[in-house]
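Only the coordinates and a few stated rules stand behind these numbers; no lab work does. Please read these numbers as outputs of a predicted model, since none were measured by experiment. Counting neighbours? That spans all protein chains shown, and the Cβs are built from the backbone with ideal geometry, glycine included.
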2 protein chains.
Amino acid sequence: VRSVHFFTAGFRETGDDEMADLEMQVVGRLTGAGIRVFGPNCMGLYVPESKLAFMPGFPAETGPVGFISQSGGNAGEMVYTSAVRGIRFSKVVSYGNASDIDESELLSYLATDPQTDAVCAYIEGVKHGRRFFQAMREAARAKPVVVLKGGRTASGTRAVMSHTASLAGSLDVFDSLCRQVNAVRVNSVEEMADLAVAFRYMSAPAGPGVAVVGGGGGFSVFAADEIDDAGLNCPVLPQNTQRALSEINPVAGTSVRNPVDTIAIFEPPKLEQTLRIIGEAENIDAILYHTSFSWGRGRRSMAMLGADPVHYMQMQVQQMVKAREASGTPIVVVLRPPLDVESMERTAAFQEKCWQAGFPVFPTIPRAANAIAKVLRWTRRRSV
Amino acid sequence: VRSVHFFTAGFRETGDDEMADLEMQVVGRLTGAGIRVFGPNCMGLYVPESKLAFMPGFPAETGPVGFISQSGGNAGEMVYTSAVRGIRFSKVVSYGNASDIDESELLSYLATDPQTDAVCAYIEGVKHGRRFFQAMREAARAKPVVVLKGGRTASGTRAVMSHTASLAGSLDVFDSLCRQVNAVRVNSVEEMADLAVAFRYMSAPAGPGVAVVGGGGGFSVFAADEIDDAGLNCPVLPQNTQRALSEINPVAGTSVRNPVDTIAIFEPPKLEQTLRIIGEAENIDAILYHTSFSWGRGRRSMAMLGADPVHYMQMQVQQMVKAREASGTPIVVVLRPPLDVESMERTAAFQEKCWQAGFPVFPTIPRAANAIAKVLRWTRRRSV
């Protein structure tokens with residue numbers, strides 16, 4: 001036996017001194033005998049290559065994301081919610097109370113793991129500040145590192161003590177450490193999945209200029225506000241771009257300035273033309289293409305075209321691929337969440353086609369804009 | 001003919017002076033003949049009682065929420081996304097360029113409309129500041145008013161001009177107006193739906209003390225952080241409450257301090273006991289109960305119990321009702337979004353049972369906490 005994994009909870013995190021002593025004794029004996037310990041109070045390992053998994057329904061395929069998590073539940077949430085967005089994992093380690101193997105050791109391991117291209121970490125408390133700083137620096141030099149800190153507030157700090165007996169420490173210190181080593185700090189599992197998707201499926205934009213394309217004037221207004229909120233911008237398209245778009249669009253109900261609000265895109269060939277023309281504009285570094293299968297034109301178009309939904313989606317994605325190839329500009333998909341079973345089927349099918357063709361997919365404009373902005377910042381700091 | 005509704009776009013919002021003149025002439029002639037005009041560049045009216053609707057699939061039933069929207073698309077999104085959460089409407093008016101009938105007139109109308117208990121408004125630009133202030137004050141004195149402003153940023157302001165030819169105006173001015181009249185300002189259609197749900201299905205909490213109940217230690221940590229972020233708090237439960245909870249819970253894997261992280265709640269009778277004990281604690285003003293049908297224990301429990309899923313959900317909701325009646329403390333449900341067709345079916349079914357039993361449902365802790373905090377602030381300002 002080279003390592004042991006303690007699923008069991010009921011040790012130090014109970015707040016009971018006897019339980020803490022017991023944890024120290026058990027772990028001490030094992031490590032004394034040369035056996036390494038994961039946990040206690042954790043769920044262990046998910047390594048698709050070795051056919052290890054700690055929850056039902058985890059994908060069997062391996063992938064380039066490594067994830068260490070002080071919470072088994074959060075690890076499960078990350079795997080389930082990002083799997084449907086095309087994220088696959090090299091190794092996921094739930095490490096609980098970290099009595100022996102801790103976050104620093106795991107980060108150093110993933111930093112040099114050839115099967116891991118990006119590292120995600122959910123951390124409640126840090127055991128040794130200096131070692132952690134070094135491990136973070138090492139990992140962040142090698143690959144993108146996305147860190148989620150639990151216990152940012154007074155209530156959260158107390159919850160962390162109950163959960164893994166960790167000292168949450170100061171968020172300011174943690175935050176400045178992340179800035180120093182150029183790790184991306186996020187605030188939720190959702191945001192961590194967003195960054196994993198962005199690093200996996202988006203080529204880094206060259207600048208902050210975002211074009212928004214889709215149907216809906218009010219939705220376009222929000223999109224513009226939300227892109228500015230994220231620290232990006234939504235510049236007016238150049239005159240020649242606007243002219244080219246006007247040629248393939250009706251005047252009424254259309255805006256070609258940016259956001260581009262048009263129904264022409266529901267015909268797949270016009271989708272290709274629209275995305276390509278915009279992608280070629282000199283002030284556009286990324287295109288946000290938004291659509292929905294729950295309501296509105298996206299749902300009705302399929303019926304109107306009399307097309308088989310799967311075939312219609314396939315055509316859409318093919319046109320997106322063509323436009324991306326022709327213009328070289330990254331395309332990011334915003335696919336609004338489904339509201340019923342029918343739209344769930346279609347949304348899931350379209351999402352899968354998108355990531356299989358290499359497009360990152362997000363459920364809302366603010367989440368997409370935030371991920372783009374963070375990848376842009378990471379890229380700029382990296383090149384300094 | 002008493003009123004006309006101009007669906008047509010292609011007027012002033014095109015930025016073309018001739019189109020603006022045309023709009024002025026057409027609207028001028030109609031109003032000169034005593035005919036009132038909705039629009040142009042809008043989708044018109046949804047009035048279930050009169051069997052009027054402007055998009056397919058709007059609910060046929062009437063309800064207590066009135067909504068005016070300068071965007072037809074946003075109006076549709078609000079109706080569709082809040083319908084599944086139990087929101088029904090008295091009147092929804094899409095009013096576009098507001099050439100004749102404008103936001104102030106519509107707000108004044110809803111202020112005194114006996115079928116409207118709460119008012120929502122999506123506004124891009126305001127025609128007459130003074131009249132708008134008076135209409136907002138009148139409406140906000142009479143009932144909760146939730147306002148969503150499009151065009152908060154430089155990019156959004158430009159988008160508003162392209163959409164409805166409105167001058168977005170300063171967000172600071174708009175914001176201080178909302179504060180002055182005690183209207184709730186929100187930043188997205190999602191948040192507007194959240195507030196509609198909170199005002200409709202949540203009795204206002206007496207204070208900021210929130211208890212979190214559900215399975216998952218890591219999720220509990222976030223919940224605590226996110227409740228603090230929203231300006232609420234997640235206090236340690238009193239000793240006698242903790243003792244009572246310990247009696248019905250195993251030690252390992254459980255925390256009874258708050259957040260309460262326990263798997264006991266997956267047995268419906270223990271769900272009732274847990275919620276009741278917590279609801280009776282003197283420092284708790286609202287309970288956030290979180291669950292998921294996508295993964296984790298919520299999904300597995302149904303299988304383990306061998307129960308018919310619909311029956312299991314029915315039992316859960318019955319126990320929640322009992323606990324709410326016994327303790328008098330509002331219970332807010334956080335139901336994580338589904339990831340596949342099976343979990344969509346179950347999530348949708350549970351959500352419907354919840355709102356039918358009078359429980360507000362939110363998809364995430366931050367969105368629930370934000371809505372609770374805003375209703376609490378609204379209630380306190382109202383009572384001054």
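A cut-off of 5 Å between modelled amide H atoms, ignoring neighbours fewer than 5 places along the same chain, links B:Ser3 with B:Arg36. Classified by the C-alpha gyration tensor, segment A:65-196 has a rounded form. Its axis ratio a/c, with a ≥ b ≥ c, is below 1.5.
Summarised in one figure, the compactness ratio Rg/Rh of chain A, Cα atoms and Kirkwood Rh, is 1.04.
Rg ratio for segment B:210-383: its Cα radius of gyration over 2.2 N^0.38 Å, N being its residue count, equals 0.98.
Per residue of B:342-348, other chain Cβ atoms within 10 Å of the residue Cβ number 3 on average. Taking every DSSP beta bridge that has both ends in chain A, the antiparallel portion is near 10%.
When the Cα positions of B:Ala135, B:Ser71, B:Met43 are compared along the charge dipole of segment B:3-201, B:Ala135 comes out farthest toward the positive end, with charges on each C-beta of Lys, Arg, Asp and Glu.
With contacts defined as alpha carbon pairs under 8 Å and 6 or more residues apart, what's the relative contact order of chain B in percent?
Numbers: 755 pairs, mean separation 52.4, N = 384.
This gives 14 percent for chain B.
For A:Asp17 and A:Thr62, compute 0.36 nm times the residue count separating them, minus their Cα-Cα distance, and round to one decimal in nm. Don't skip to the end; give the middle numbers.
Values: separation 45, 0.36 × 45 = 16.20 nm, distance 4.10 nm.
12.1 nm is the gain from fully extending A:Asp17 to A:Thr62.
Answer rounded, prolate or oblate for segment B:1-124, using the Cα gyration tensor with square roots of eigenvalues a ≥ b ≥ c: rounded when a/c is under 1.5, else prolate when a/b is larger than b/c, else oblate. Walk me through the intermediate numbers first.
On the way: a/c = 2.16, a/b = 1.72, b/c = 1.26.
Taking the square roots of the gyration eigenvalues as a ≥ b ≥ c, segment B:1-124 is prolate.
In the protein assembly as shown the Cα-Cα distances spread across 20 Å bins starting at 0 as 16, 48, 31, 5, 0 percent of all pairs.
For segment B:210-383, the relative contact order is 24 percent, taking Cα pairs closer than 8 Å that sit 6 or more residues apart in sequence and dividing their mean separation by the residue count. Inter-copy label distances at B:Asp175, using a point 7 Å along Cα-to-Cβ, come to 1.8 nm with the shortest given first.
The Cα center of segment A:184-206 and the Cα center of segment B:15-91 differ in position by 38 Å. With the simple spin-label model, which puts each label point 7 Å out from Cα in the Cβ direction, the B:Leu167 to A:Ser383 separation comes to 4.1 nm.
Coupling constants for segment A:101-109 follow from the phi torsions by the Karplus curve (6.51 cos²θ - 1.76 cosθ + 1.60, θ = phi - 60°), and in residue order they are 6, 10, 4, 5, 4, 5, 4, 4, 4 Hz; glycine and proline get x. Principal-axis analysis of the Cα atoms of chain B puts helix B:365-383 at an angle of about 70° to the longest axis.
The alpha carbon centroids of segment B:313-380 and segment A:208-238 are separated by 33 Å. Placing unit charges on the Cβ atoms only, positive for Lys and Arg and negative for Asp and Glu, gives segment A:158-287 a dipole magnitude near 180 debye about its Cα centre.
Each 10 Å bin, from zero up to the one with the longest distance, holds this percent of the alpha carbon pairs of segment B:3-62: 22, 39, 26, 13, 0. Here the Karplus curve 6.51 cos²θ - 1.76 cosθ + 1.60, taken at θ = phi - 60°, turns the phi angles of segment A:259-270 into couplings of x, 8, 10, 8, 9, 4, 4, 6, 9, x, x, 6 Hz, with x standing for Gly and Pro. 3J(HN,Hα) along segment B:26-34: 4, 5, x, 5, 5, 5, x, 8, x Hz, from the Karplus curve 6.51 cos²θ - 1.76 cosθ + 1.60 with θ = phi - 60°, whole Hz, x for Gly and Pro.
Could you tell me the relative contact order of segment A:55-200? Use alpha-carbon pairs under 8 Å, at least six residues apart, and round to a whole percent.
Working: 258 pairs, mean separation 36.6, N = 146.
Result for segment A:55-200 is 25 percent.
Which is the longest run of chain B containing none of the GluC sites (Glu not before Pro) found in DSSP loop states (not H, G, I, E, B) with at most 13 other C-beta atoms within 10 Å? Mind showing how you got there, number by number?
Details: sites that count: B:Glu61, B:Glu282.
Longest site-free region, per DSSP loop and neighbour criteria: B:62-281.
A Förster radius of 41 Å combined with the Cβ-Cβ distance from A:Arg131 to B:Ala154 puts the calculated FRET efficiency at roughly 0.35. Spacing of the modelled spin labels on B:Ser50 and A:Ser246, each 7 Å from Cα toward Cβ, amounts to 3.8 nm. Annotation: amide H of A:Val332 within the under-5 Å range of A:Ile287, A:Leu288, A:Tyr289, sequence separation 5 or more or interchain, hydrogens built in the peptide plane.
Over segment A:177-275, the hull volume per residue, using the convex hull of the C-alpha atoms, is 136 Å³. Under a model in which nothing but the beta-carbon of Lys, Arg (+1) and Asp, Glu (-1) is charged, chain B shows a dipole of about 780 debye around its Cα centre. Remark: segment B:7-73 carries a charge dipole of roughly 320 debye about the Cα centre, counting +1 on each Lys and Arg Cβ and -1 on each Asp and Glu Cβ.
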